Amino acid sequence: MDAIQLLKDDHKAVKALLGELARTTTRAVKRRATLLREIHLNLHAHTRIEEEIFYPAYREAGDKEQVKLYYEALEEHRAAGDLVLPGLLQTDPSSEQFSGRAKVLKELVEHHVEEEEQQMFKQARSLLDKETLRELGERMTQRKQEVIEGWKAAKAE
Ligand SMILES: [Fe+2]
Ligand SMILES: [Fe+2]
């Protein structure tokens, strides 16, 4: 599996879930909770494989420009993952505050994904050869599975 294809597939899936969440109303309490759980797991697994495997490889293959984008991307993960998402998880799904927070999370993720795909991934395609991208993809597929299993095991406790 090509690393960039894997990450793009993840983006597509999470964008669809966020779009669905944004279209729900304050009456769809159960649906909102289910979607949010899925989004949480998806974002968690995706940012883990990016931060542990893809971003470091990108940064090491590049120069100053890549270091800059690396830190910008990390900061966007932090804004979504440590601020907006935890806030949303603590918000009553029957409230308009939930609607507002869900919309902001969607916009943050869309902006971040756009920058990754238009800048970082395009640069990575020229900085890293096919074989390296394939090998990174293998490692990320495996790691993602581990992260998801660990998450599910922790939830089942
Ligand atoms: Fe990212
Ligand atoms: Fe990403």
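Could you give me the percent of Cα pairs per 5 Å distance bin for region 1-69, shortest bin first, beginning at zero and ending with the bin that holds the maximum distance? Whole-percent P(r) values from 0 Å outward: 3, 15, 21, 18, 15, 11, 8, 6, 3, 1.
Show Lys152, Lys8, Lys144, Lys30 ordered by accessible area, largest first, where the area counts protein heavy atoms only and the probe is 1.4 Å.
Ranked from most to least accessible, the order is Lys30, Lys152, Lys8, Lys144.
The packing ranking of peptides 65-71, 50-56, highest mean first, is 50-56, 65-71, where packing means the average number of other beta carbon atoms within 10 angstrom of each residue. In the chain, Cα pairs under 8 Å separated by at least six residues give a relative contact order of 44 percent. Would region 3-156 count as rounded, prolate or oblate if I go by the C-alpha gyration tensor, calling it rounded below 1.5 in a/c and otherwise prolate when a/b exceeds b/c, oblate otherwise? Note, shape of region 3-156 comes out prolate.
Taking 26 Å as the cut-off for C-alpha to C-alpha distance, list the pairs among Lys8/Lys30; Lys64/Lys130; Lys64/Lys144; Lys30/Lys103; Lys30/Lys155; Lys8/Lys106 that go past it.
Result: Lys8/Lys30; Lys64/Lys144 exceed 26 Å.
Take 19-27, 77-85 and order them by the average number of nearby Cβ atoms within 10 Å per residue, most first; the result is 77-85, 19-27.
Computed over protein heavy atoms with a 1.4 Å probe, the accessible surface of the chain works out to 57 Å² per residue. Normalised by 2.2 N^0.38 Å, with N the number of residues, the alpha-carbon radius of gyration of region 103-148 equals 1.44. Along its first, second and third principal axes, ordered by size, region 53-116 spans 47, 18, 15 Å in Cα coordinates. Converting phi to 3J(HN,Hα) with the Karplus coefficients 6.51, -1.76 and 1.60 and the offset θ = phi - 60°, region 87-93 yields x, 5, 4, 9, 9, 4, x Hz in sequence order, with x at every glycine or proline. Sorting Arg37, Arg143, Arg31 by accessible area puts them as Arg37, Arg31, Arg143; the probe is 1.4 Å, largest comes first, and only protein heavy atoms count.
What you get for region 103-152, charging only the Cβ of Lys and Arg (+1) and of Asp and Glu (-1), is a dipole of about 140 debye around the Cα centre.
The values are calculated or read from the model by the stated rules, or taken from the named source; none is laboratory data. Please read all numbers here as calculations on a predicted model, not as lab measurements. Glycine also receives a Cβ, built like all others from the backbone with ideal geometry; neighbour counts cover every protein chain displayed. Each accessible area value is taken on the protein alone, full model and side chains, heavy atoms only, with ligands, DNA and RNA left out. Shrake-Rupley method; radii C 1.70, N 1.55, O 1.52, S 1.80 Å.
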